[in-house]
Amino acid sequence: MTPVLHLSGMPELPEVETIRRALEPLLLGERLTGLEVLDARIVQGDAAQLRVEALGRRIAEVMRRGKHLMLLLEGGKGIVLHLRMTGSLLLNEPERSPRVRAILSFSNGTQLFFNDMRRLGTIALINDVEAYCLRLGPEPLSEGFTTDSLARCLAGRRIPVKAALLDQHLVAGVGNMYADEALFQAGLHPLIPAGDLHSGQVQRLWIAIRAVLERAIASQGASINTYCLPNGQKGSAHDSFSVAHKKGDPCPACGTPIDRVMVRKRGSYYCPECQRHS
Ligand code: ZN
């Protein structure tokens, strides 16, 4: 039976950070020696230019910003790998090789297989890494993301707070799963208009966003969908989810069955008792 794919379950910040941490010791300081493109659609922009700029260069840094994994190259340019819905980066060739869309090879013999069932993931050359990062929105685990900056982003907005959290220009890297978990921890209904939150609620939300992401990184991400680590192992963050993907299960705080509501076409899980809309 084909597994049902949900929009949520795709790699978010904790999943990409877990991949970054796994790859950093393998790739740092190595040269990119090969870029085999098996599906031309994976390269955004000019594939020939990507090769010219990237092949032979050392990896100066393995970075992440939001959901974007970046290999910073010596000389200042970079390669961005975006996994989108079902992309994964594997150190061993997966069994179902038609899903492999590109293979990156490095001077120490490491090979990375960009595997992607839905074929939405991308690889692109970045000419100016700093400018690229600025466009991605505030990094929630950085010092620049404060209660004040979150309050400024939410102020005056009539969209539901859940939709605001999914806006990557407001917070980079938070997707459907972790937005639901953060709203639960903060005790906020997903449909409350973003601009209606008072300062205490913004403070709770800020704490919750960071706590939820850090907890998920510590559990190596959530393998609800196809996400796995480069060595093929699954993460376990979903084991400690309170509401995400838990419709009908008892709320861990009050026992009320978890409900699901659509917010801008995204299924949103919440506790009707702990997250009242008032
Ligand atoms: Zn509850």
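The values are calculated or read from the model by the stated rules, or taken from the named source; none is laboratory data. All figures in this text were calculated on a predicted structure; none of them were measured in a lab. Note that we place each Cβ from the backbone using ideal geometry, even for glycine, and neighbour counts take in every protein chain shown. Side chains included, ligands, DNA and RNA excluded: accessible areas come from the protein's heavy atoms. Shrake-Rupley method; radii C 1.70, N 1.55, O 1.52, S 1.80 Å.
Rounded to the nearest 0.05, what FRET efficiency do Arg260 and Thr147 give with R0 = 35 Å and r taken as the Cβ-Cβ distance? Could you check?
It comes to 0.75.
Given R₀ = 35 Å, FRET efficiency for Ser236-Ala48 by Cβ-Cβ distance, to 0.05?
Approximately 0.25, to the nearest 0.05.
Would you check the accessible area of His277, probe 1.4 Å, heavy atoms only, in square angstrom rounded to 10?
100 Å²
Compute the FRET efficiency between Glu273 and Ala155 as 1/(1 + (r/R0)^6), taking r as their Cβ-Cβ distance and R0 = 30 Å, and round to the nearest 0.05.
With R0 = 30 Å, the Cβ-Cβ based efficiency is 0.60.
When the chain is modelled as a GNM with alpha-carbon springs shorter than 10 Å, which of Glu93, Glu12, Glu130 fluctuates the most?
Glu130
In degrees from 0 to 90, rounded to the nearest 10, what is the angle of the helix 176-186 Cα long axis to the longest principal axis of the chain?
Relative to the chain, helix 176-186 is tipped by roughly 40 degrees.
May I have the convex hull volume per residue, in Å³, for the Cα set of the chain?
Convex hull volume per residue, Cα atoms: 128 Å³.
Remind me, relative contact order of the chain in percent, using alpha carbon pairs under 8 angstrom and six or more residues apart?
20 percent
Kindly provide the helix-only [θ] at 222 nm of the chain, computed as the sum of -39,500 (n - 2.57) over DSSP H runs of four or more divided by all residues, to the nearest 500 deg cm²/dmol?
So the helix-based figure for the chain works out to -8000 deg cm²/dmol.
Mind ranking Arg99, Arg64 by accessible surface for me, highest first, 1.4 Å probe?
Arg99, Arg64
Subtract the Cα-Cα distance of Met63 and Leu28 from 0.36 nm times their separation in residues, and report this length gain in nm to one decimal.
11.6 nm
Placing +1 on the Cβ of each Lys and Arg and -1 on the Cβ of each Asp and Glu in the chain, which of Ala253, Pro14, Leu73 has its Cα farthest towards the positive end of the resulting dipole?
Ranked along the dipole, the leading option is Ala253.
At Asp196 and His169, where each label point lies 7 Å from the Cα along Cα→Cβ, what is the point-to-point distance in nanometres?
In this crude label model, Asp196 to His169 measures out at 2.4 nm.
If I take every Cα pair under 8 Å that is 6 or more residues apart in segment 13-134, average their sequence separation and divide by the length, what percent do I get for the relative contact order?
Once divided by the residue count of segment 13-134, the mean separation gives 30 percent.
Order these peptides, 174-184, 36-46, by their mean beta-carbon neighbour count within 10 angstrom, highest first.
Ranking the peptides 174-184, 36-46 by packing returns 174-184, 36-46.
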